[in-house]
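Here the structure is laid out as structure tokens; the discussion comes afterwards.
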Amino acid sequence: MPDDQPTPTPVKRGLVSRTSPRAVSAAVAPTPLTEQDLSSLAPDRTEAEVEALLCALRAAPGLWLAQETLQRLITDTSSFVDGYSRALHLIERRTVHAHLAPASSRRAGPVQPLPSPAHLDPWSCDPTGIEDDSRVISVCPTCNGSEHVACGRCSGSARVSCGNCWGAGRVPGKRGTKNCGACRGAGTQRCGACSSGRVPCGPCGATGRVQAWLSISQARLPQVLVHPMGAAALVHERVKSPTDFDAGPNAWVNELISDTGDQAPYGELPSELEPELNPVTDRVLVTRLQSFSSRVHQFSYRAAGMTGIIDVAGSPPAVSRSTNWRPLRIRQITAAATAAWA
């Protein structure tokens, strides 16, 4: 080959040039649109619609989609007023607890049945006086008055596994194995923690009698329910937080229509706003009801042969979690796969 001929570059066969998803993302990196741009592209839209559309388009860059492209995919625009209510219920929960303590002696007093938490209505008695009113002397339920219980170490057998031969009864000797000297080949030894497999009962202090009484614990629990959970409610941050009820209009993106303040429990509420209660332990102390409203701008689009919905609500506008991005995500995956194998 003459010296002035360039050396050919070796070609690796069987390799296909692929473009990484990051490269695809960079290749279609969108140029942010402004309200002036949208006004010129969509002169028939109102100012509120333009602001909502701009909010929707700004959510598109994470989907590797130019904002102008998404606008071309939009097939329909509509708006409607979406309202929702939320209820804050302050619930008091009373729980009955049983307590036991050793009696001073076997002759501490007349024996009575153990008081049962299941038989006491926590709302029919005074929580502060129930301990004294329910206190009795009873037969110890652990030992049934016998003052002793089965040993926990030997399970009442009075024998435990030999620690020298590990229960085998045999140990290594000079000429093979031989009987264990500690247990004499039995594999077990006398339990040193008990007497004939029995130990003093702990709950009654080996008296066979216990003091028994009931107590009532009280807890106040807030419970928030929201209905309906539509596009407007889904842009309301902390909508289910009890502290958000006093956050004020500056913290809410939707308009407050009404607020009842703390009132006695409502007799008539939508079933979706009714508190979830345990009929035995729970009672509603006060209920507060708030209602909100917001105009929702809804944009329908077509991508990957499917129809998607973009919901924008609130002030300032935000894309609601009711939005369906699935068609755009499928379009993104298809575009990435096509570019990777191009």
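Rule-based calculations on the coordinates, nothing more; no lab input. Not measured: the values here are computed from a predicted model. Every residue, glycine among them, receives a Cβ derived from its backbone with ideal geometry; neighbour counts consider all protein chains shown.
Observations
- Residues in region 125-150 that a label on Q112 would reach, taking backbone N under 13 Å of a point 7 Å out along Cα→Cβ: 130-139
- S104-R302 pseudo-label distance in nm [points 7 Å out on the Cα-to-Cβ vector]: 9.1
- Modelled this way, with points 7 Å down the Cα-to-C-beta line, the labels at S293 and S146 are 7.5 nm from one another.
- Local net charge near H236, Cβ-Cβ under 10 Å (Lys/Arg +1, Asp/Glu -1): +1
- Protection proxy ranking of 293-305, 252-264 - average other beta-carbon atoms within 10 Å, highest first: 293-305, 252-264
- At full extension, A186 and S258 could sit 17.6 nm farther apart than now, given 0.36 nm per residue minus the alpha carbon distance.
- log₁₀ of I(q)/I(0) at q = 0.23 Å⁻¹ - region 261-313, Debye sum with one point per alpha carbon: -0.95
- Only Lys, Arg (+1) and Asp, Glu (-1) charged, at Cβ; region 93-216 dipole about Cα centre in debye: 1400
- Stretch gain in nm, segment T75-D246, where the contour uses 0.36 nm per residue and the Cα spacing is subtracted: 57.5 nm
- Distance histogram for region 249-342 (every C-alpha pair counted, 10 angstrom bins, percent rounded to whole numbers): 13, 25, 22, 20, 13, 6, 2
- Sequence-distant residues sharing a close amide H with G167 (under 5 Å, placed H): C162
- Each listed q (0.16 Å⁻¹) maps to a log10 I(q)/I(0) for region 170-328, found by the Debye formula over equal Cα scatterers with no solvent: -1.04.
- Per-bin percent of Cα-Cα distances, region 103-238 [10 Å]: 11, 19, 16, 14, 13, 12, 10, 4, 1
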